[in-house]
Amino acid sequence: MKKIRIKYLIFASYFIFMCLAFFSWNGEILAVETPPGWLSDYGRAIELSEKTSKPILMDVYASWCSFCEKLHDHVYPSQIFKTAASDFITLSLNGEKHPEIVRKFEISGTPVIIFLDKNGYELERVTGYVNSSQLAEIMMTVRDHAGIESKLMSELTKNPGSVLANYEAGVYYSDTGKHEKARKYFIHAWNSSEKEPYNKKMDSLYNSAVSSMEMEDYRTAISNWNVFLLLVTEKDEDYAFARFYRGISYKFIGDVSKAREDLTYARDHLRNETFRRSAIQLLSRLK
């Protein structure tokens, strides 16, 4: 069961470089840079992936990170890596200079290698140092399982009314930031003539409302939240989140009294401390 969250509301910690298990800094001044011949532009990598259908290997490093230096100086120049990399678009970014990438992929330290498809969907993630053979093996597995979108569309062609197939397509497009497409498939899942699995239908209704909010279509979101809250059988954390999001939607359309009612409920019932603090802050700004 997966219910999506609105990413711009998550008060996640910023990109903090720390000396933890896979973060290494011994005081030596390093100068880790993008490897020769690698892309350093995320948008360009996506464009090339769309043209070639090759998945993306995105290396995120810090200039002072010694394990990043080992990857760049020993792993990436190796022949076993170069052979595997011929099936990938290789992208390398300094996380300190690309905070938007750090936020988007919720990166908490370096080195990290993230594999993406042509839509920017995360296929796999490797945190910390790996040697050439280990990385090449992971790359072969990623390459063989990179066609997620094609598989989803093939399943929908065979069974366009499937709750599960539409739900999974919605989650996929939500994860890639294509919220209009995501909402379309979530709505198809909710409206499917199939009665089961009912929990996925309810998740799809919930997620369609979140997708509408990501699109700033707050009136449609409120309509979906109203149906979800009417049908939900337990006043659990999902119920509190729905009230939280509906309260935000009411705030954006200017219905302060209803926004206050929902956000107060969220403040008093959300167990997630981050979102509970968000509800408190939003309430303080209502006039």
inquiry  = If I take R0 = 22 Å and measure r between the Cβ atoms of GLU50 and MET140 in this structure, what FRET efficiency does the formula 1/(1 + (r/R0)^6) give, to the nearest 0.05?
reply    = 0.50
note = Per 5 angstrom bin, beginning at 0 and ending with the bin that holds the maximum distance, the Cα pairs of region 207-264 fall in percents of 4, 23, 32, 26, 12, 2
inquiry  = From Cα pairs below 8 angstrom and at least 6 apart in sequence, can you work out the relative contact order of the chain, rounded to a whole percent?
reply    = 15
note = Rounded to the nearest 10, the angle in degrees between the Cα long axis of helix 179-191 and the longest principal axis of the Cα atoms of the chain comes to 50
task = Using the number of other C-beta atoms within 10 angstrom as an exposure proxy, rank ASP117, ASP175, ASP144 with the fewest first.
result = ASP144, ASP175, ASP117
query = Pick from LYS118, LYS235, LYS181: which is most flexible by mean-square fluctuation in a GNM of the chain where alpha carbon atoms under 10 Å apart are linked?
reply = LYS235
remark   = Debye calc, one equal point scatterer per Cα of region 149-285, no solvent, log10 I(q)/I(0) at q = 0.08, 0.10 1/Å comes to -0.22, -0.34
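In debye, nearest 20: dipole of the chain around its Cα centre with unit charges on the Cβ of K, R (+) and D, E (-)? It would help to have the intermediate numbers written out before the result.
Numbers: 37 positive and 37 negative charges, 215 e Å.
Its charge dipole is roughly 1040 debye.
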query = If each of GLU149 and ASP87 carries a label point 7 Å out from its Cα toward its Cβ, how far apart are those two points in nm?
reply = 1.9
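D for the chain, whole µm²/s, Stokes-Einstein with Kirkwood Rh over alpha-carbon pairs at 4 °C and 1.567 mPa s: what number? All intermediate terms of the calculation are to be shown ahead of the outcome.
On the way: Rh = 21.0 Å.
Estimated diffusion coefficient is 62 µm²/s.
Among DSSP bridges having both ends in the chain, what percentage is antiparallel? Round to the nearest 5. All intermediate terms of the calculation are to be shown ahead of the outcome.
Numbers: 10 of 17 bridges.
Roughly 60 percent of the DSSP beta bridges within the chain come out antiparallel.
Fully extended, how many nm does the chain gain between SER193 and SER223 (0.36 nm per residue separation, minus their Cα-Cα distance)? Walk me through the intermediate numbers first.
Numbers: separation 30, 0.36 × 30 = 10.80 nm, distance 2.07 nm.
Roughly 8.7 nm would be gained on extension.
Taking K and R as +1 and D and E as -1, what net charge do the other residues with C-beta under 13 Å from the C-beta of LEU71 add up to? Please list the in-between numbers first.
Working: positive: LYS70; negative: GLU33, ASP59, GLU69, ASP73.
Within the 13 Å Cβ shell, the charges total -3.
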task = Would you mind pulling out the separation of the Cα centroids of region 48-84 and region 113-168, in Å?
result = 18
request  = Take the Cα coordinates of region 50-198, assign each an equal point scatterer, and use the Debye formula without solvent to give log10 I(q)/I(0) at q = 0.12, 0.16, 0.18 Å⁻¹.
outcome  = -0.59, -0.89, -1.02
query = Expressed as an acute angle from 0 to 90° and rounded to the nearest 10, what is the orientation of the C-alpha long axis of helix 256-269 relative to the principal long axis of the chain?
reply = 60
task = Any chance you could give the angle, 0 to 90 degrees and rounded to 10, that helix 42-52 forms with the longest Cα principal axis of the chain?
result = 80
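Quick one: net charge of TYR61's neighbours, Cβ under 14 Å, K/R +1, D/E -1?
Details: positive: LYS70, LYS97; negative: GLU33, ASP59, GLU69, ASP73, GLU96.
That sum, taken over residues with Cβ under 14 Å, equals -3.
Pulled fully out, how much extra length does the chain show between GLU124 and LEU230, if you take 0.36 nm times their separation in residues and subtract their Cα-Cα distance? Could the numbers behind the result be given before it?
Details: separation 106, 0.36 × 106 = 38.16 nm, distance 3.77 nm.
Additional length available on full extension: 34.4 nm.
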ask   = Can you list the residues of region 64-102 with backbone N under 12 Å from a point 7 Å past the Cα of SER40, pointing along Cα to Cβ?
value = 92-95, 97-98
request  = Quickly work out the SER78-to-LYS287 label distance, labels modelled 7 Å from Cα along the C-beta direction, and quote it in nm with one decimal.
outcome  = 6.1
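Could you work out the helix-only [θ] at 222 nm for the chain, with each DSSP H run of four or more residues adding -39,500 (n - 2.57) and the total divided by the number of residues, to the nearest 500 deg cm²/dmol? Write down the numbers at each step before the final one.
On the way: 13 runs with 154 residues, N = 287.
Counting only the DSSP helices, I get -16500 deg cm²/dmol.
Since every read-out is calculated from the coordinates, none of them should be taken as a lab result. None of the values given here were measured: they were computed from a predicted structure. Virtual Cβ from ideal backbone geometry, glycine too; neighbours counted across all protein chains shown.
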